[in-house]
1. Limited to segment 403-429, what total is found for residues that are assigned to a helix (DSSP H, G or I) and under 27 Å from the mean Cα position of the chain (by Cα)?
2. Based on what the data block shows, is residue 215 part of a loop (DSSP other than H, G, I, E, B) and under 24 Å from the mean Cα position of the chain (by Cα)?
3. Select from segment 1-22 the residues that are surrounded by 14 or more Cβ atoms within 10 Å (Cβ to Cβ) and at pLDDT 80 or above and write down the one among them that is farthest from residue 229 (Cα to Cα).
4. Scanning segment 267-297 for residues that are modelled with pLDDT under 90 and not in a loop (DSSP other than H, G, I, E, B), which turns out surrounded by the fewest Cβ atoms within 10 Å (Cβ to Cβ)?
5. Return the residues of segment 149-171 that are within 28 Å of the chain's Cα centre (by Cα), within 19 Å of residue 120 (Cβ to Cβ) and modelled with pLDDT under 90; say none if nothing qualifies.
6. Kindly evaluate residue 198 against the criterion of being over 24 Å from the mean Cα position of the chain (by Cα), modelled with pLDDT of 85 or more and under 17 Å from residue 121 (Cβ atoms).
7. Hey, residue 139 hits all of (1) part of a strand (DSSP E or B); (2) out of contact with any helix residue (DSSP H, G or I) (no Cβ under 7 Å at 6 or more places or on another chain) but one; which does it fall short on?
8. Is there a residue being assigned by TED's automatic domain parsing to the domain that holds residue 150, over 26 Å from residue 244 (Cβ atoms), touching a strand residue (DSSP E or B) at 6+ places or on another chain (Cβ under 9 Å) and at pLDDT 90 or above anywhere in segment 78-85?
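The values are calculated or read from the model by the stated rules, or taken from the named source; none is laboratory data. Since this is a predicted model, take the numbers as computed values, not measurements. Cβ placement follows ideal geometry from the backbone for every residue including glycine, while neighbour counts extend to all protein chains displayed.
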């Protein structure tokens with residue numbers, strides 16, 4: 001590997017307590033389908049393009065004119081992480097978070113730049129990473145320990161701790177191909193946390209586990225950093241786990257670091273990403289959404305908060321909105337969904353409209369109203385979406401924008417949200433008056 005794109009591993013004694021250093025790291029991919037699947041699929045794609053036909057293996061919504069063009073997942077990243085730090089890496093989908101972790105885990109190499117790593121890396125990039133499906137859980141523990149340079153005796157010494165923590169003792173001698181995703185996560189995390197990895201890297205995998213196990217994992221990672229001096233890198237869209245685990249936050253946007261510092265400030269930057277706090281008229285046409293919605297035949301283009309100069313509401317006001325929707329033809333049984341989260345990224349709930357029909361191709365204006373009388377004072381982020389109800393009553397996503405806008409509710413000053421929460425629940429009815437017995 002050339003000096004321009006090298007990854008090195010150095011003993012910790014040679015550093016001033018650094019664990020990871022990235023300098024000018026860039027990762028470039030070539031958009032397209034060759035080399036991404038089987039040889040048969042690649043030949044199908046090549047032959048179709050050669051004849052000027054549609055590629056049968058392209059994902060729906062993929063623009064064929066982009067094939068072969070370069071895509072930069074990371075653009076000149078400079079970052080230093082010290083031993084024992086717990087670093088949360090956040091950002092929107094496609095920001096480059098998982099690519100960075102793959103580079104640090106040596107799954108792939110940088111196109112340009114240098115990465116220096118001091119110590120052994122133990123990674124969990126997705127469910128089942130590093131496991132051999134035909135081997136038992138116990139055998140996989142030994143294999144992972146051997147990869148980290150441990151002897152069989154060292155692994156055996158920690159085996160009982162790993163099994164106890166993983167909560168899969170009953171299945172430890174069963175091939176892991178028979179494990180559920182939750183069982184895989186439990187064993188994989190237990191292996192990563194208890195074997196000799198100086199740097200623990202995790203990419204959103206705890207989302208699969210149950211709440212009790214998530215709590216145990218977060219406590220274990222805190223202990224690994226604080227008491228054992230290990231470095232933890234954790235990617236998540238769950239801001240509560242970032243807040244509970246990390247002492248530093250790095251935010252990526254379009255392959256660049258846009259924030260590096262305090263956790264609460266980083267979460268605030270993430271929550272406000274792409275949102276101007278005073279906006280009441282939002283252009284939705286350019287807002288980020290999942291590519292799989294591209295061919296739904298429906299597209300939200302504008303959202304206006306009616307009768308407001310700023311997105312601030314009082315106790316007795318309702319949230320009134322106008323939504324502009326472009327359709328390529330008639331769309332039936334469409335419902336609007338509104339989801340609210342607090343500024344701490346805690347979900348409050350979801351509200352649905354009744355089903356409506358959009359009768360023709362073109363632009364449609366829809367007016368909506370939502371009562372705010374159940375909410376206490378606070379800052380809220382509102383996601384909006386349009387869904388189709390199929391014949392089985394299931395909701396199929398047509399278009400969705402996370403954190404479409406930010407709003408503030410000015411409530412009763414005596415209400416303590418830390419004690420009472422953000423929702424005003426219905427009254428408790430007294431069914432039986434007290435009487436002397």
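1. 2
2. So residue 215 does not fit the description; no.
3. 22
4. Looking at the filtered set, the residue picked out is 292.
5. The answer is none; no residue qualifies.
6. Judged against the criteria, residue 198 is a match.
7. (1) is the only condition that residue 139 fails.
8. Scanning segment 78-85, I find at least one residue that is assigned by TED's automatic domain parsing to the domain that holds residue 150, over 26 Å from residue 244 (Cβ atoms), touching a strand residue (DSSP E or B) at 6+ places or on another chain (Cβ under 9 Å) and at pLDDT 90 or above, so the answer is yes.
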